[in-house]
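Asker: Take a look at this one; I'll ask things after.
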Amino acid sequence: MKALSKLKAEEGIWMTDVPVPELGHNDLLIKIRKNSHLRD
């Protein structure tokens with residue numbers, strides 16, 4: 001699945017492919033269809 005990751009101690013985040021996590025009894029996995037980011 002796709003994830004936004006902070007990989008380095010510098011500005012920016014990167015979109016990475018990560019494995020789907022195993023869910024426990026009290027866990028929830030949500031799918032985000034759209035998002036936005038505003039930069040000051």
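The values are calculated or read from the model by the stated rules, or taken from the named source; none is laboratory data. No experiment lies behind these values; they were computed from the predicted model shown. Virtual Cβ from ideal backbone geometry, glycine too; neighbours counted across all protein chains shown.
Asker: Pairs under 7 Å by beta carbon, first residue among the aromatic types (Phe, Trp, Tyr) in the stretch 11-32, partner in a loop (DSSP other than H, G, I, E, B) and exposed (fewer than 10 other Cβ atoms within 10 Å of the Cβ), six or more apart or different chains?
Answerer: Going by the 7 Å Cβ cut-off, the qualifying pairs are Trp14/Leu7.
Asker: Within the stretch 12-22, does at least one residue satisfy the condition of being surrounded by 10 or more Cβ atoms within 10 Å (Cβ to Cβ), assigned to a strand (DSSP E or B) and modelled with pLDDT of 90 or more?
Answerer: Taking every residue of the stretch 12-22 in turn, at least one turns out to be surrounded by 10 or more Cβ atoms within 10 Å (Cβ to Cβ), assigned to a strand (DSSP E or B) and modelled with pLDDT of 90 or more.
Asker: Here's something else I'd like to know. Any idea how many residues of the stretch 31-40 are farther than 11 Å from Met1 by Cβ and either among the basic types (Lys, Arg) or modelled with pLDDT of 90 or more (or both)?
Answerer: Going through the stretch 31-40 one residue at a time, the tally reaches 3.
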